[in-house]
1. Could you list, ordered by first residue, the pairs with Cβ atoms under 6 Å in which the first is in the range 177-193 and on the phi > 0 side of the Ramachandran plot and the second is part of a loop (DSSP other than H, G, I, E, B) and within 10 Å of the ligand (Cβ to nearest atom), at least 6 apart or interchain?
2. With the requirement that a residue be hydrophobic (A, V, I, L, M, F, W, C) and either in the same structural domain as Arg259 (by TED's automatic domain parsing) or more than 15 Å from the ligand (Cβ to nearest atom) (or both), what does the range 137-162 give you?
3. Identify all residues within the range 287-330 that are aliphatic (A, V, I, L, M) and in contact with a His (Cβ under 7 Å, 6 or more places away or on another chain); write none if there are none.
4. Would it be correct to say that Tyr223 is over 29 Å from Gln19 (Cβ atoms), part of a strand (DSSP E or B) and either in contact (Cβ under 8 Å) with a residue 40 or more places away in the chain or among the hydroxyl-bearing types (Ser, Thr, Tyr) (or both)?
5. In the range 45-68, how many residues are within 13 Å of the ligand (Cβ to nearest atom) and in a helix (DSSP H, G or I)?
6. Please work out if Asp339 is closer than 30 Å to Thr90 by Cα, in contact with an Asp or Glu (Cβ under 7 Å, 6 or more places away or on another chain) and surrounded by fewer than 20 Cβ atoms within 10 Å (Cβ to Cβ).
7. Are there any pairs with C-beta distances below 7 angstrom linking a residue in the range 337-351 that is under 12 Å from Ile296 (Cβ atoms) to a residue that is of a type in the set (Lys, Arg), with the two at least 6 apart or on different chains, and if so which?
Amino acid sequence: MKKIQMVDLQGQYQQIKPQVDEALHSVLDSAYYVGGPDVKTFQSDLETYLGVKHVIPCANGTDALQIAMMGLGLEPGDEVITVDFTFAATVEVIALLRLTPVLVDVDAATFNMDIEALKKAITPKTKAIVPVHLFGQCANMDAVMEVAKAHNLFVIEDNAQAIGADYTSADGSVKKAGTIGNIGTTSFFPSKNLGCYGDGGAIFTNDDDLAHIIRGIVNHGMYKRYYHDVVGVNSRLDSMQAAVLRIKLPLLDGYCAARLKAATFYNDAFAASDKIITPVTSSYTTHVFHQYTLRIVGGVDRDALHQHLLDNNIPNAIYYPVPLHSQKAYVDARYKEEDFKVTNELIHTVISLPIHTELDEEQLTFITNTLLEFVSK
Ligand SMILES: *Cc1c(COP(=O)(O)O)cnc(C)c1O
């Protein structure tokens, strides 16, 4: 059996090596290391794929979130609501900009923003909501947009984990994840569903004025060369990364299908176990399985399972082991433990299994058998 990896970047590269190597060499020969034709072409390819008016590439997914908040003109003291159960980048940039993070609990079945908790958290100071499309499926965007409209709030979708997912609104219209709110952001970190070979990110919007503002912010606040109208940052997607992404974007739907196939294998294998809760996909979204995350229940020791799988050379991870409201950097007297019941429970029960485009049936069978054997002991 091939060695099992959490994410098999080498195997995936081998499938596209000739095209990637050629594209990288052509960037080297052109000496267009920053900017240049690959970045422009990838930007427009991604606009077409997402069906969004503007894609603004940037250096990584964390910058994308920060720049989105700068672009919306959020100011110190403004409250920004996001989830307690996500990667820290989401809350980090809120704090970094001296905005006030307001963390809310998630829904146990989908791991995404709990809409009742969102409603409860709104105050006169609230300016924006940042739903995270965690693990590869969309948050309930109809509900988020309704709350935003009622309170005149901006919506920034953190789409680092769900690029390629489709969201279907109650009116039947289908949109790509990240193109529903005022702004969407994503990451091209190597292990993400659309990963480059270094760091990369992008910001999406259908708003022409906002796109113009953001294009200046990513480039030192310049709208005319050497005239700095606003305080900006330096955040670029470089040409080598764009060249890789141009090759991988047409493969994204196939990559998502391969992840879904592995996830379906897991779901079927675990369906009969009363110790395992398999991922629940909401009716309004497709799932691109950035992570395949189980909940382990019925008295099974999750941490012992984690170790047992490692002992059998099955990589696995706890996403996430600490709620953001309990992280040293983000503790705040305003938070009450009873407002985070779900996250406080999830951190003890979740476990994420290997999920990527190169898993074969022999590996999947070994993983599911090893896990089932442990939980049925
Ligand atoms: C990966 C990730 C980010 C940050 O992306 P980087 O490119 O690593 O900066 C932000 N939010 C979420 C939910 C992520 O998973």
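1. Qualifying pairs under 6 Å: Gly178/Asn159.
2. Taking the range 137-162 and keeping what is hydrophobic (A, V, I, L, M, F, W, C), we get 138-139, 141, 143-145, 147-148, 150, 153-156, 160, 162.
Met141, Ala143, Val144, Met145, Val147, Ala148, Ala150, Leu153, Phe154, Val155 - these are the residues of the range 137-162 that are hydrophobic (A, V, I, L, M, F, W, C) and either in the same structural domain as Arg259 (by TED's automatic domain parsing) or more than 15 Å from the ligand (Cβ to nearest atom) (or both).
3. Pass one, the range 287-330, residues aliphatic (A, V, I, L, M): 288, 294, 296-297, 300, 304-305, 309-310, 314, 317-318, 322, 324, 329.
Of everything in the range 287-330, just one residue is aliphatic (A, V, I, L, M) and in contact with a His (Cβ under 7 Å, 6 or more places away or on another chain), namely Ile318.
4. Values: over 29 Å from Gln19 (Cβ atoms): yes; part of a strand (DSSP E or B): yes; either in contact (Cβ under 8 Å) with a residue 40 or more places away in the chain or among the hydroxyl-bearing types (Ser, Thr, Tyr) (or both): yes.
So Tyr223 fits the description; yes.
5. Start the filter on the range 45-68 by keeping residues that are within 13 Å of the ligand (Cβ to nearest atom), which leaves 57-68.
Now narrow it down to the ones that are in a helix (DSSP H, G or I): 61-68.
Number satisfying all stated conditions: 8.
6. Numbers: closer than 30 Å to Thr90 by Cα: yes; in contact with an Asp or Glu (Cβ under 7 Å, 6 or more places away or on another chain): yes; surrounded by fewer than 20 Cβ atoms within 10 Å (Cβ to Cβ): yes.
Yes.
7. His348/Arg302; Thr349/Arg295; Thr349/Arg302; Val350/Arg295; Ile351/Arg302
Matching residues to (1) assigned by TED's automatic domain parsing to the domain that holds Ala162; (2) exposed (fewer than 15 other Cβ atoms within 10 Å of the Cβ):
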site	(1), (2)
Ile4	no, no
Val20	yes, no
Leu24	yes, no
Val27	yes, no
Pro37	yes, no
Lys40	yes, yes
Asp45	yes, no
Gly51	yes, yes
His54	yes, no
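The values are calculated or read from the model by the stated rules, or taken from the named source; none is laboratory data. Since the structure is predicted, the reported quantities are computational estimates derived from the model, not experimental observations. Note that each Cβ is placed from the backbone with ideal geometry, even for glycine, and that neighbours are counted across all protein chains shown.
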